[in-house]
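One structure is given here, and the rest of the page talks about it.
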Amino acid sequence: MKQNWKPGTMIYPLPAVLVTCGSNESEYNIITIAWVGTICTNPPMCYISVRPERHSYPILKKNMEFVINLTTKDMAYATDWCGVRSGKSFNKFAEMGLTPGKCEVVSCPLIEESPLCIECRVKEIISLGSHDMFIADVVNVKADDKYLNTETGKFELAQSNLLVYAHGGYYELGDKIGKFGWSVEKNKIKNTR
């Protein structure tokens, strides 16, 4: 039996990402965000939602660029710490021993320890209520070559032990149970419809 709850944000799991912003070293900052996602394939677009009172908000709004840095099990502590500490009081790169790297297109830094860094340029900001949504074009992606399968040429992102967020907790991904389209492949699984 199901119970009725008040409306809330219950779509989980979500990626737990570290978003970097700032056009020069004096304003570089990292913010932990779970309200993040893909919104279009062609052109590639994504979004992050940020509370206006966060230290990163005016930096994001001024520069209109950011990087979504995917996180891993090894980055879990830093991911949480960067979400509960303010960039007003801490240099998060230094405090967490994270390495700022150079992006190809945007002026803000990426996080070298991240397996995948998505460079974004803000297209529109929509005020939603508690958060404002930064809708952005993906202008470049930097991928750690240690996850590149040299035999197949495929980027094996799942091998990086990605971190996800679900209802107040951080989790590593579990075992792979299928792939896109496996349910309709011929001679693989009987169609039970």
Is there a residue in the range 137-158 that is of a type in the set (Ser, Thr, Tyr), surrounded by 18 or more Cβ atoms within 10 Å (Cβ to Cβ) and under 26 Å from Ala76 (Cα atoms)?
-> no
Residues being in a loop (DSSP other than H, G, I, E, B) and of a type in the set (Ser, Thr, Tyr): count how many of those fall in the range 139-183.
-> 2
Single residue of the range 26-56 satisfying the filter (assigned to a loop (DSSP other than H, G, I, E, B) and without any contact (Cβ under 8 Å) to a residue 12 or more places away in the chain) that is surrounded by the fewest Cβ atoms within 10 Å (Cβ to Cβ) = Asn42
Test Leu128 against the stated conditions and say whether it is surrounded by 14 or more Cβ atoms within 10 Å (Cβ to Cβ) and either within 20 Å of Cys40 (Cβ to Cβ) or of a type in the set (Gly, Ala, Ser) (or both).
-> no
Every pair of residues 6+ apart whose Cβ atoms lie under 8 Å, when the first sits in the range 97-112 and is farther than 22 Å from Lys123 by Cα while the second is of a type in the set (D, E, K, R) and modelled with pLDDT under 95 | Pro100/Glu25
State whether the residues of the range 72-85 include one that is part of a helix (DSSP H, G or I), surrounded by fewer than 20 Cβ atoms within 10 Å (Cβ to Cβ), at pLDDT 95 or above and basic (Lys, Arg).
-> yes
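Here is a yes/no grid of residues against (1) in contact (Cβ under 8 Å) with a residue 60 or more places away in the chain; (2) within 16 Å of the chain's Cα centre (by Cα):
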position	(1), (2)
Lys88	no, no
Ala94	no, no
Pro115	no, yes
Val139	no, yes
Ser160	yes, yes
Leu163	yes, yes
Asp175	no, no
Filtered residues of the range 116-138 (kept if part of a loop (DSSP other than H, G, I, E, B) and either at positive phi or in contact with a strand residue (DSSP E or B) (Cβ under 6 Å, 6 or more places away or on another chain) (or both)) = Gly129, His131
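The values are calculated or read from the model by the stated rules, or taken from the named source; none is laboratory data. Small disclaimer: the values here were computed from a predicted structure and weren't measured. As a convention, Cβ positions derive from the backbone with ideal geometry for all residues, glycine included, and neighbour counts pool all protein chains shown.
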